[in-house]
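Participant: Take a look at the following structure, please.
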Amino acid sequence: MDIKDKIRKLKKERNAVILSHYYQHIEVQEIADFIGDSFELAKKAKEAKEDVIVFCGVYFMAEGAKILNPTKTVLLPVKEAGCPMADMVTAEDVMELRKKYPDAAVVTYVNSTAEVKAVSDICCTSSSAVRIVNSIPNKRIIFVPDENLGRYIAKQVPDKEIIPYSGYCQVHQRVTVQDVEAVRKAMPDALLLVHPECVPEVVEKADFVGSTTQIINKALESKNKDIIIGTEVGVVDFLKKKTSDKNFYLLSPKMICANMKKTSLKDVLNSLENNVHEIEIEQEIMDKAFSSLDRMMNV
Ligand code: 13P
Ligand code: SF4
């Protein structure tokens, strides 16, 4: 039996579902029951009927799954697969900002810890951020932790005052205007699709800005044959597997998330065999974080 068959067998025995983000290795995506962006995965996790959710992604995603579906066993195959951006803001930082701007609502990107979600008013993902901010009555919004996404929202919702925190995703932040100019010069007719975690100067130069799934949909729908992908390389791997009718290029070879790439098939198997790493969250944090996440799911 090869490793994929072993995983499938164990998955059945344990009544488990495997969820994978698009940034995972292609062989991990292939073994998953569902591949999605942050919002779609949170939705799948919330609706999961199976006893066990194996989350092939990073820590905050598995934590979110546990918060949204607390009676399930949620496993993150590699405990050390974290998101550096999620660790850039603490609950204390948020409380300080609340003191400074008492009239502001706190909107928190899901790329954050459960503790930070617990002191927030509502969460958002990159696909829902503009919609969420528009749904809030407050004129002033504290947005944590991604500054680039905060600045992108501010442009889309000019009637609100967005106070962005200074966090960032290393993978998207690394891309420069010079990288964009170089690909534009090499492929002037190609379509450039970027993630809003990129710096504003890069976002400005793109043909389309969206979440991972929105980028994928745009790439597949477009009549253009040459598509430049301005997000993590896993998206290019997914698209190349999906269709050979188009040419997909990565905006910059720097766009690899080392944390997303920590999970291998061996880790998925080990996770199911030995119940590692089981997500556990303090009840009080869990209840408070649930409110912020559930509000997001309902907008
Ligand atoms: P989305 O899945 O919402 O596009 O977010 C990208 C990301 O950086 C996940 O860590
Ligand atoms: Fe975090 Fe960026 Fe990796 Fe997403 S791509 S998990 S935001 S470091």
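The values are calculated or read from the model by the stated rules, or taken from the named source; none is laboratory data. Since the model is a prediction, treat every value here as computed from it, not as a measurement. Cβ sites come from the backbone with ideal geometry, for glycine too, and all protein chains shown count toward neighbours. Calculation scope for accessible area: heavy atoms of the full protein, side chains included, ligands and nucleic acids excluded. Shrake-Rupley method; radii C 1.70, N 1.55, O 1.52, S 1.80 Å.
Participant: Work out the charge dipole of the chain with +1 on the Cβ of Lys and Arg and -1 on the Cβ of Asp and Glu about the Cα centre, then indicate which of VAL119, VAL28, TYR165 is farthest towards its positive end.
Facilitator: Going by the charge dipole, the pick is VAL28.
Participant: Next question, about the same structure. Could you give the length gained on full extension between LYS254 and GLN283, defined as 0.36 nm per residue of separation minus the Cα-Cα distance, in nm?
Facilitator: 6.5 nm
Participant: From the protein chains alone at 1.4 Å, what is the descending order of accessible area for GLU27, GLU63, GLU201, largest first?
Facilitator: In descending accessible area the options line up as GLU201, GLU27, GLU63.
Participant: Another question about this same structure. Spelling out what I want: for every residue of the range 105-118, take phi, set θ = phi - 60°, compute 6.51 cos²θ - 1.76 cosθ + 1.60 (Karplus), and round to whole Hz; glycine and proline get x.
Facilitator: So the J values, rounded to whole Hz, are 8, 9, 9, 10, 5, 4, 6, 7, 7, 4, 5, 6, 4, 5.
Participant: Another one. Can you flag which of LYS79/LYS218; LYS11/LYS246; LYS11/LYS66; LYS242/LYS288; LYS44/LYS240 are past 28 Å Cα-Cα?
Facilitator: LYS79/LYS218; LYS11/LYS246; LYS242/LYS288
Participant: Each residue of the range 189-196 in turn: what ³J(HN,Hα) in whole Hz from Karplus with 6.51, -1.76, 1.60 and θ = phi - 60°, glycine and Pro shown as x?
Facilitator: 9, 6, 8, 10, 10, 10, 8, x
Participant: Now a separate question. Could you run the Karplus curve 6.51 cos²θ - 1.76 cosθ + 1.60 with θ = phi - 60° over the range 132-144 and give me ³J(HN,Hα) per residue in whole Hz, x for Gly and Pro?
Facilitator: 5, 4, 5, 7, 9, x, 4, 7, 9, 10, 8, 10, 10
Participant: Quick check: net charge around ALA45, other residues with Cβ under 12 Å of its Cβ, Lys/Arg +1 and Asp/Glu -1?
Facilitator: +1
Participant: Right, next: Which of ASP226, ASP189, ASP287 ends up with the largest GNM mean-square fluctuation for the chain, with Cα atoms connected below 10 Å?
Facilitator: Its mean-square fluctuation being the largest, the pick is ASP189.
Participant: Next up: Need one value: the accessible area of GLU161 in square angstrom, 1.4 angstrom probe, rounded to the nearest 10.
Facilitator: The accessible area of GLU161 comes to roughly 90 Å².
Participant: When the chain is fully extended, how far beyond the present Cα-Cα distance does LYS100 get from LYS46, taking 0.36 nm per residue of separation?
Facilitator: Length gained, LYS100 through LYS46: 16.0 nm.
Participant: Right, here's the next one. With the contact rule set at Cα under 8 Å and sequence spacing of 6 or more, what percent relative contact order holds for the chain?
Facilitator: Relative contact order here is 23 percent.
Participant: A further question on this structure: With Cβ to Cβ distances under 11 Å as the rule, what net charge do the other residues near TYR109 carry (K, R +1; D, E -1)?
Facilitator: -2
Participant: Ignoring ligands, DNA and RNA, please state the percent of accessible area on the range 1-70 from carbon and sulfur, probe 1.4 Å.
Facilitator: Ligands and nucleic acids excluded, carbon and sulfur reach 49 percent.
Participant: ARG174 versus SER222, label points 7 Å from Cα toward the beta carbon: distance in nm?
Facilitator: Those two pseudo-labels are separated by 2.2 nm.
Participant: With every protein chain in place, what's the accessible area of LYS43 (1.4 Å probe, Å², nearest 10)?
Facilitator: The value for LYS43 is about 90 Å².
Participant: Heavy-atom accessible area of VAL171 with all protein chains present, probe 1.4 Å, nearest 10 Å²?
Facilitator: The accessible area of VAL171 comes to roughly 10 Å².
Participant: Follow-up question, since we're still on this one. Taking Cα pairs under 8 Å and at least six residues apart, what relative contact order does the range 1-148 come out at, in percent?
Facilitator: For the range 1-148, the relative contact order is 18 percent.
Participant: Next question. Looking at the square roots a ≥ b ≥ c of the eigenvalues of the Cα gyration tensor of the chain, which shape do they give, rounded for a/c under 1.5, prolate if a/b is larger than b/c, or oblate?
Facilitator: It is oblate, given that a/c is not under 1.5 and a/b is not larger than b/c.
Participant: Here is a follow-up. Using modelled amide H (1.01 Å from N, peptide plane; none on Pro or chain starts), what sits under 5 Å from the amide H of ILE122, excluding residues fewer than 5 places away?
Facilitator: Under 5 Å from the amide H of ILE122 lie the amide H atoms of VAL106, THR108, each far enough along the sequence or on another chain.
Participant: Okay, next question. With a 1.4 Å probe and every protein chain kept in, tell me what percent of the accessible surface of the range 84-199 is carbon plus sulfur.
Facilitator: 51
Participant: Tell me the mean residue ellipticity at 222 nm calculated for the chain from its helices only (DSSP H runs of n ≥ 4, each -39500 (n - 2.57), averaged over every residue, nearest 500).
Facilitator: Theoretical 222 nm ellipticity from helices: -12500 deg cm²/dmol.
Participant: So, counting K/R as plus one and D/E as minus one, what does the shell of residues with Cβ under 13 Å around LYS9 add up to?
Facilitator: After counting each charged neighbour, the total is +2.
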